[in-house]
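Taken together, the values in this text are just the output of simple stated rules run on the coordinates, not laboratory data. Source: prediction; values computed, not measured. Quick reminder, even Gly has a Cβ in these numbers, built from the backbone with ideal geometry, and neighbours come from all protein chains shown.
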Amino acid sequence: MSTRLLLATRNAGKLAELQRLLVPAVPGVEVVGLRDVPEYPEAPETGATFEENALLKAREAVRYAGLPAVADDSGITVDALNGMPGVLSARWSGRHGDDAANTALLLGQIADVPDARRGAAFVCAAALVTPDGAEHVLRREWRGSVVREPRGTHGFGYDPVFLPTGLTVTSAELEPAEKDARSHRGQAFAALVPVLAEVLPS
Ligand code: ITT
């Protein structure tokens, strides 16, 4: 029987990125999603850091599904908001996963902040937990700034308002492969791949 690896996310945008990043990187491993395992209740993300939340989600997936699991906790940290929304990015407007409302609220909050002080970073913590209790977590950032009007149709979440440092397009205007090559998630999961190769039974 082939080794199975569970991608423990309920976010469709993230799931698509994780599949692109991990399926080619772990040949011989069957990568499955939450729709492939019996449904289980989602615990609240109570951690104070991206790392803690990523580990919580991966541990929970292992506990219910009994498979090695990877999880992602991510968000945008805005300098002018002292690092918020941070771990609260998914529910910033009060409604979990409402990308349009979350983005509109963020733009309104920093409407008067001048261009020179609109710095931000996407942050991703990638966690791997196995049924025998091994745990790994690592974090990567992608620096940029927040533009004033959404631009682009690719990606998800805050992508239409995030202008990566060194580019003239938002991350929602990048082709998927171009985003993967630079992004917080692309970097975090690229760093996790050697760990996966070592930890998963072949
Ligand atoms: P899971 O916990 O099930 O994985 P979630 O959407 O609740 O899904 P998070 O708690 O990690 O995930 O919240 C991440 C939020 O941060 C997400 O809703 C986006 O708004 C934002 N975000 C993270 N990565 C992003 C990216 O690459 N591009 C745009 N927005 C991103």
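Quick notes on this one:
- Looking only at residues in the stretch 174-201 that are out of contact with any Leu (no Cβ under 7 Å at 6 or more places or on another chain), part of a loop (DSSP other than H, G, I, E, B) and touching a residue at least 40 places away in the same chain (Cβ under 8 Å), the one that is nearest to the ligand (Cβ to nearest atom) is 183.
- Condition met for residue 87 (over 16 Å from the mean Cα position of the chain (by Cα) and not aromatic (Phe, Trp, Tyr)): no
- For the stretch 129-173, residues that are part of a loop (DSSP other than H, G, I, E, B) and not polar (S, T, N, Q) total 20.
- Of all residues making up the stretch 159-169, the number that are in contact with a strand residue (DSSP E or B) (Cβ under 7 Å, 6 or more places away or on another chain), closer than 19 Å to residue 20 by Cβ and within 10 Å of the ligand (Cβ to nearest atom): 1
- Hey, residue 95 part of a strand (DSSP E or B), of a type outside the set (S, T, N, Q) and within 19 Å of the chain's Cα centre (by Cα) or not: no
- Pairs linking a residue in the stretch 10-31 that is part of a loop (DSSP other than H, G, I, E, B) to a residue that is polar (S, T, N, Q), with Cβ atoms under 8 Å and 6 or more positions apart or on different chains, are 28/2; 28/3; 28/202.
- One residue from 120, 80, 61, 134 being within 19 Å of residue 44 (Cα to Cα) and either near the ligand (Cβ under 10 Å from one of its atoms) or touching a strand residue (DSSP E or B) at 6+ places or on another chain (Cβ under 9 Å) (or both): 61
- Residues in the stretch 36-62 that are more than 19 Å from residue 3 (Cβ to Cβ) and either free of Cβ contacts under 8 Å to residues at least 12 places away in the same chain or touching a Ser or Thr at 6+ places or on another chain (Cβ under 9 Å) (or both): 39, 41, 44, 46, 50, 52, 53, 54, 56, 57.
Table: residues versus (1) buried (at least 18 other Cβ atoms within 10 Å of the Cβ); (2) of a type outside the set (D, E, K, R); (3) farther than 23 Å from residue 190 by Cα.
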site	(1), (2), (3)
69	yes, yes, no
72	yes, no, no
95	no, no, yes
119	no, yes, yes
124	yes, yes, no
137	yes, yes, no
149	no, no, yes
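- Residue 108, sole failed condition from (1) away from the ligand (no atom under 14 Å from the Cβ); (2) closer than 19 Å to residue 186 by Cα; (3) assigned to a helix (DSSP H, G or I): (2)
- Filtered residues of the stretch 2-48 (kept if of a type in the set (A, V, I, L, M, F, W, C), buried (at least 18 other Cβ atoms within 10 Å of the Cβ) and within 15 Å of residue 62 (Cβ to Cβ)): 5, 6, 7, 8, 34
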